[in-house]
1. Looking only at residues that are under 12 Å from the mean Cα position of the chain (by Cα), aliphatic (A, V, I, L, M) and in a strand (DSSP E or B) in the range 142-168, which one is surrounded by the fewest Cβ atoms within 10 Å (Cβ to Cβ)?
2. I need a count of the residues in the range 173-212 that are touching a Phe, Trp or Tyr at 6+ places or on another chain (Cβ under 8 Å) and either closer than 16 Å to residue 134 by Cα or among the aromatic types (Phe, Trp, Tyr) (or both).
3. So the check is Cβ under 6 Å with 6+ separation or different chains; which pairs have a first residue in the range 50-79 that's on the phi < 0 side of the Ramachandran plot and assigned to a strand (DSSP E or B) and a second one that's β-branched (Val, Ile, Thr) and buried (at least 24 other Cβ atoms within 10 Å of the Cβ)?
4. Mind telling me which of the residues 93, 68, 45 ends up being under 18 Å from the mean Cα position of the chain (by Cα) and either at pLDDT 95 or above or within 12 Å of the ligand (Cβ to nearest atom) (or both)?
5. Does any residue in the range 81-98 that is in contact (Cβ under 8 Å) with a residue 60 or more places away in the chain come within less than 7 Å, Cβ to Cβ, of a residue that is surrounded by 15 or more Cβ atoms within 10 Å (Cβ to Cβ) and of a type in the set (Asp, Glu) six or more places away or on a different chain, and which pairs are these?
6. Just one of (1) within 12 Å of the ligand (Cβ to nearest atom); (2) farther than 21 Å from residue 215 by Cα; (3) at pLDDT 95 or above trips up residue 13, so point out which.
7. For the range 99-110, how many residues are within 16 Å of the chain's Cα centre (by Cα) and surrounded by fewer than 16 Cβ atoms within 10 Å (Cβ to Cβ)?
8. Among the numbered criteria (1) modelled with pLDDT of 95 or more; (2) within 11 Å of the ligand (Cβ to nearest atom), which one does residue 100 miss?
Amino acid sequence: MALHRTPEPELMDGADQVEAYAAADFASSDQAMVERLALLCADQPGSRLVDLGCGPGNISFRLARRWPQAQVLGLDGAPRMLAVAEQRLAAAPELAGRLHFAEIVLPLPEPASLPGRVSTGAYSAVISNSLLHHLHDPLVLWQAVAALASPAAFVYVQDLRRPDSVAAVEELVAATMASAPAVLRRDYRASLHAAFTPAEVTAQLAQAGLSGLRVEALGACYLEVWGRLP
Ligand SMILES: C[S@@+](CC[C@H](N)C(=O)[O-])C[C@H]1O[C@@H](n2cnc3c(N)ncnc32)[C@H](O)[C@@H]1O
């Protein structure tokens, strides 16, 4: 019998959680994600990129460095995650003026209530890594994608894929997190239980009017959603 989804808390704002996440080395999977995006968008993400659920900015910084002509905006709802992102930005003055962060808890507020830096219909690429599985209502991500994207924007969303069984979850935890701090192991296990399947994501996209995007399984435990909007 398939494993049912068990949601986890949305925001990652616990001090120990933020500290462990920010200290963890996700460099190779983060860089692989950015290169995967580059490949799928034919190296044409455009000039305004938004990173939804940016956390401490792991992906946002890589986007800003990979496309030096682009403006990059990272959005997250967790103040402690954003504080780490801002500290890192202060240590990277070469990115000042091109990389920014703003606090937003999805669902996206009405345009009049958005922080000054955030505009609807404005981003040539809408990107997100490992946010979807946190959301109790996944449609809030797809609605934000649709609202923030400019015409012909490229969308790339990568996330965990829910395994078929508890045993498969435990195998992944043992294989990838054996030597990680306990808080990261706990969060990874909870995230695998909270993740969606490709079929569930396909249904979400249909409901959000984004059926033109493709959904595929990726590797042992990921899924990806991508495509160019009309
Ligand atoms: C697993 S982290 C991923 C961080 C980053 N994208 C990365 O790849 O390193 C998920 C992030 O999504 C944020 N998040 C969860 N629910 C959110 C919501 N409803 N609105 C905004 N951010 C949210 C959390 O606070 C956390 O920083």
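The values are calculated or read from the model by the stated rules, or taken from the named source; none is laboratory data. Keep in mind the model is a prediction, meaning the values are calculated, not measured. With ideal geometry, Cβ positions are generated from the backbone for all residues, glycine too; neighbour counts draw on all protein chains shown.
1. Step by step, filter the range 142-168, then rank; the result is 160.
2. Taking the range 173-212 as the starting set, the residues that turn out to be touching a Phe, Trp or Tyr at 6+ places or on another chain (Cβ under 8 Å) are 173, 176-177, 180, 184, 187, 204-205, 207-208, 210.
If we keep only those that are either closer than 16 Å to residue 134 by Cα or among the aromatic types (Phe, Trp, Tyr) (or both) too, we end up with 184, 187, 204.
Summing the residues that are touching a Phe, Trp or Tyr at 6+ places or on another chain (Cβ under 8 Å) and either closer than 16 Å to residue 134 by Cα or among the aromatic types (Phe, Trp, Tyr) (or both) in the range 173-212 gives 3.
3. These pairs meet every condition: 50/126; 51/59; 51/127; 73/50.
4. After ruling out the rest, the residue left standing is 45.
5. What qualifies is 81/13.
6. Going through the list (1) within 12 Å of the ligand (Cβ to nearest atom); (2) farther than 21 Å from residue 215 by Cα; (3) at pLDDT 95 or above, residue 13 breaks only (3).
7. 3
8. All conditions are met except number (2).
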